[in-house]
Amino acid sequence: MSIKAPKGCRDIFEPEVKQIQYLERVYRETAEAYGFMEIRVPTFEQTELFQRGVGETTDIVNKEMYTFMDKGGRSMTLRPEGTAGVVRAYLEHGMANWPSPVKLYYNYHVFRYERPQKGRFREFQQFGMELFGAPGAMGTAEILSFLHSFFQRLGLHDYSLQLNSIGCQDCRPVYNETLRSYLALHREALCPDCQSRLERNPLRCLDCKNPKCQEIMAEAPLPSDCLCASCAEEEAALLEILARLGVSYELNRQLVRGLDYYTGTVFEFVSDELGAQSAFCGGGRYDNLVAELGGAETPAVGFAFGVERLRLELEAKGLLPEGETRPVLQLISFADTADEALILAAKLRQTGLRIETDILGRSFKAQMKQASRLEPQYIAILGVDELAAGQVELKRQADGQTEKIALEALAQFLLEGERRCQN
Ligand code: HAM
């Protein structure tokens, strides 16, 4: 039997690769404009990092991790998300002593053993950011301002940003108790997962997809009912800054996130174009995680989005650029000039321009046929006479106009033409 790519993993080629490169470029430029530095961390980490970081009660840790024993008998896991590895690096490299705030962004693949469907894969690409040392509304506003600006640059204006506050270490325990008392009344009707969540982390029941649990949760007390004064003030301050930034939002009091480290403000960007996988970006504050992993108390906030979901969203809205793949010039050669054409093409390519030339010994007719497929801007025929004269006749394909150009002036001519096109 032939070998296929693993289930939920994809081969990606053009034009999609070009679209991803475009998203990567805009993401990097916007991140750098906001003063974020790129970080790259290992693809796999000690399993314990995710167990302690993401949380033992989450689906990600319980059901979705790719975990293996290495040859030294250590348990390792392919990263199922980006935050835990960045926090580990923050601690390992003493970034708490760097000038504050520490602003990091990343672009890497993550791995989750989920049931594949549209916009849901087992290996997928995330863009993310983590901001350490900026407490409260200002830190969160910086992150949401970044996302707003990034989406604006992509031409994406009609997204929905959903916000909630799930409480801090002071008010969350109060909420947990309130929710536990309510859920205890419905214990028998809850799914087995929620029955165990009820003891360990009742907040996660708000996120359950089981229809019976959803019915029960529709009447449940919400985290916003129990917010302490400081969480409520922080949320009010954030909403005011967002209004002044022109960022629109909806308060979604049911919103909790699928990872345990969140505290206070959480958010998701959702789209109506993506079917069941409607969230294309999620994040929030996680003010306790650095301390939980062994550091000092450190305010932190971040997000990640699935690049494929963002790409689908932009595609559905017709917001992806076409991407130029046409060559600028195709050199047509003959058996006795093919080497010279190859050498000339190599020189011209040093300018960064896309140049095509035949390397298969094809006939003149076959090369012209290829040209009609590749649609170069110019065609030049390089025969022995042209080589002897040191010049070629360039034919502009758009209007058939021809011009004789000396071989040594060719690079300059094409570059200037390219500049004229871009202006
Ligand atoms: P998350 O919500 O688990 O958060 O994932 C972020 C985004 O990754 C989702 O909104 C979605 O677009 C995408 N995503 C998740 N699962 C899949 C999948 N199976 N296939 C394709 N795309 C997927 C986090 O990962 C947190 N680390 C975000 C964060 C950073 N919070 C604070 N800092």
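Summary of values
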read-out: Mean separation of Cα contacts under 8 Å (6+ apart) over length of the chain, as relative contact order %; value: 15
read-out: Mean Cβ count within 10 Å, highest first, over the residues of peptides 2-14, 379-391; value: 379-391, 2-14
read-out: When each of K365/K395; K369/K395; K118/K212; K18/K395; K18/K347; K7/K63 is checked by Cα-Cα distance, pairs over 19 Å; value: K118/K212; K18/K395; K18/K347
read-out: Amide H partners (placed H, <5 Å) of C228, local residues excluded; value: C168, C171
read-out: E322-Q46 pseudo-label distance in nm [points 7 Å out on the Cα-to-Cβ vector]; value: 5.4
read-out: Extension gain, R253 back to Q370 (0.36 nm per residue minus Cα-Cα distance, nm); value: 36.2 nm
read-out: Surface accessible to a 1.4 Å probe, per residue, for the residues of the chain, Å²; value: 50
read-out: Phi to ³J(HN,Hα) by Karplus 6.51 cos²θ - 1.76 cosθ + 1.60 over the stretch 398-413, Hz, x for Gly, Pro; value: 4, 10, x, 5, 10, 8, 8, 10, 5, 4, 6, 9, 5, 4, 4, 4
read-out: Sum of -39500 (n - 2.57) over DSSP H runs of 4+, divided by residues of the chain (222 nm, nearest 500); value: -11500 deg cm²/dmol
read-out: Of G302, G136, G318, the one that fluctuates the most in a GNM where the chain has Cα springs shorter than 10 Å; value: G318
read-out: Most mobile listed residue (V174, V61, V256) in the chain, GNM with C-alpha springs under 10 Å; value: V174
read-out: Solvent-accessible area, 1.4 Å probe, carbon plus sulfur percent, for the chain; value: 51
read-out: Separation of the R180 and D385 label points, Cα + 7 Å toward Cβ, nm; value: 9.3
read-out: Within-12-Å neighbourhood charge of A366 [Cβ basis; K, R +1; D, E -1]; value: +3
read-out: Shape call, the stretch 341-391: gyration tensor on alpha carbons, a/c limit 1.5; value: oblate
read-out: Local net charge near L353, Cβ-Cβ under 12 Å (Lys/Arg +1, Asp/Glu -1); value: +1
read-out: Cut-off 12 Å between beta-carbons: net charge of the residues surrounding P6, Lys and Arg +1, Asp and Glu -1; value: +2
read-out: Ordering of 207-213, 278-284, 263-269 by burial proxy (mean other Cβ atoms within 10 Å per residue, highest first); value: 263-269, 278-284, 207-213
read-out: Unit Cα scatterers, Debye sum, the stretch 1-73: log10 I(q)/I(0) for q = 0.27 Å⁻¹; value: -1.11
read-out: Degrees between helix 136-153 axis and first principal axis of the chain (Cα, 0 to 90, nearest 10); value: 30
read-out: Rough spin-label spacing in nm, given labels placed 7 Å along Cα→Cβ, for R115 and A5; value: 2.2
read-out: Of D158, D70, D260, the one that fluctuates the most in a GNM where the chain has Cα springs shorter than 10 Å; value: D70
read-out: Assigned charges on the beta-carbon of Lys, Arg, Asp, Glu; the stretch 260-389 dipole about Cα centre (debye); value: 500
read-out: Among beta bridges that DSSP assigns inside the stretch 1-114, antiparallel share in %, nearest 5; value: 75
read-out: Potential lengthening between C191 and E32 on full extension [0.36 nm per residue; Cα-Cα distance subtracted]; value: 52.7 nm
read-out: Centre separation in Å (Cα based) which lies between the stretch 77-134 and the stretch 246-293; value: 15
read-out: At 0.890 mPa s and 25 °C, Stokes D of the chain from Kirkwood alpha-carbon radius, µm² per second; value: 98
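The values are calculated or read from the model by the stated rules, or taken from the named source; none is laboratory data. Nothing here was measured: the structure is a model prediction, and the numbers come from that model. No Cβ is skipped: glycine too gets one built from the backbone with ideal geometry, and neighbour counts run over all protein chains shown. Note: areas computed on protein heavy atoms with side chains; ligands, DNA, RNA excluded. Shrake-Rupley method; radii C 1.70, N 1.55, O 1.52, S 1.80 Å.
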